[in-house]
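Notes follow once the structure below has been shown.
The values are calculated or read from the model by the stated rules, or taken from the named source; none is laboratory data. Predicted model only: the values in this text are computed from it and were never measured. Virtual Cβ from ideal backbone geometry, glycine too; neighbours counted across all protein chains shown. These area figures cover heavy atoms from the full protein model, side chains too; ligands, DNA and RNA do not enter into them. Shrake-Rupley method; radii C 1.70, N 1.55, O 1.52, S 1.80 Å.
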Amino acid sequence: MVRTRSSKRKRRSGSGENLQEPVKKPTMAESSLITDIKATIEGALQPIKKELEQVAKSSELRELREELDRILSRQDELEGRISRLEGKVDNIEKTPLPPSRGVSNAINSLEQYSRRNSLRIRGIPEVEGERSEFCIQKVVEFCRVKLSIEILPQNIDRAHRVGVKNGNNSSRIMLVKFISWQDRNKVFRARTKLKGKRDDEGRPLLVMADLTRENMKTFSAALAAKKKNILKDVWVDANCRVMVTLSDNSTKNIECLADLPSG
């Protein structure tokens, strides 16, 4: 039998169709076998995963423990230092040292500086039930009439009486705090115009620096030394310093009683 070309083509095309056939699906037995294999592998890997996790956790815990040990050690060191310092403070408190002359002078200077804008005025008649605004107006009037200078109410921070009121109805001193040192100094320098003038009670009119208690003691002691001819002159300057003229005509700032010359 003779084979024709057409029959050859058919055979070739037929073989090509067999090559393009889809892959055969696994049977149920094969699928079950694959599942069992995966489960076996997963079960074998599970302990290994757990061991790795434990290793990781144990490493982190070890680092945390080491860091905690370092912190606790540092804390113990600091607590020891604090305990020693507290002991030193207790010893200092039990045996306090008296303030030195330099410290006392520094404290007094700071207190005096806080009063640098204040003045004390004697000679302003006192009225029952005075208020701050009334006192300020009285100070403004005193400066205009007695000192011939203009001070505005807004230039004064506050004004009030100081000291205990006695039974003879004498007018108490007026304590005045100015807003600026310049206005305070203008009033202080004008005090020379009060020389020889007296108030309604016959007392000399005075404008004085607002001295601290220590500076007032020093000033009083200096005046007493002047009466004994130990000092030639005593005054308080614009900066609230107690100044004296010594027997040799030299000028000296007296900061405390120890600075006064002995008679």
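May I ask you to list the residues in region 149-194 that are modelled with pLDDT of 95 or more, assigned to a loop (DSSP other than H, G, I, E, B) and not β-branched (Val, Ile, Thr)? The answer is Glu150, Leu152, Ser180.
For region 206-224, the set of residues classified as open to solvent by 10 Å² or more (accessible area, probe 1.4 Å) and part of a helix (DSSP H, G or I) consists of Arg213, Glu214, Asn215, Met216, Lys217, Phe219, Ser220, Ala221, Leu223, Ala224, listed by residue number.
Scanning region 228-258 for residues that are under 22 Å from Val103 (Cα atoms) and either assigned to a loop (DSSP other than H, G, I, E, B) or hydroxyl-bearing (Ser, Thr, Tyr) (or both), we see that the one that is least open to solvent (accessible area, probe 1.4 Å) is Cys240. Of the residues screened, Arg115 is one that is in contact with a Cys (Cβ under 9 Å, 6 or more places away or on another chain) and either open to solvent by 60 Å² or more (accessible area, probe 1.4 Å) or basic (Lys, Arg) (or both).
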